[in-house]
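A.B. asks: Take a look at this one; I'll ask things after.
The values are calculated or read from the model by the stated rules, or taken from the named source; none is laboratory data. The model shown is predicted, which means the values in this text are computed figures rather than measured ones. Glycine gets a Cβ as well: all are built from the backbone with ideal geometry, and neighbour counts include every protein chain shown.
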Amino acid sequence: MHTDTKLSRQLMGYRLTTAEILYHLPDHPAVLQSFVWQDLDIAPKFPVLQSFLDFWAREIEGRLHSVRVGATTLISPGELRHVDHQLRLH
């Protein structure tokens with residue numbers, strides 16, 4: 001049995017992806033509304049986000065205006081630093 005946890009997805013290269021989606025209100029097309037979407041996804045193609053945007057275009061009345069995407073890794077190599085001084089407390 002395969003369990004797909006967020007940690008295992010991150011180890012496979014998934015990154016925390018945030019997208020700000022601007023869309024036109026269905027009743028007032030001149031007005032833009034903002035929606036923030038966040039999930040783990042793979043850069044640079046972002047298949048999970050693309051699937052969500054395809055769903056949006058197919059099922060939601062608000063026409064998409066623009067999408068701004070940012071992604072960062074949550075798991076990264078540790079940082080090693082040498083200490084120049086040592087302080088002892090009693």
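A.B. asks: Taking into account only those residues within region 38-59 that are free of Cβ contacts under 8 Å to residues at least 24 places away in the same chain and among the charged types (D, E, K, R), which is nearest to Leu74 (Cα to Cα)?
C.D. replies: In this case the residue turns out to be Asp39.
A.B. asks: Would you kindly identify the strands (runs of 3 or more DSSP E) lying entirely within region 1-75 that contain at least 2 residues that are at pLDDT 95 or above and among the β-branched types (Val, Ile, Thr)?
C.D. replies: The qualifying strands (runs of 3 or more DSSP E) are 15-24, 64-72.
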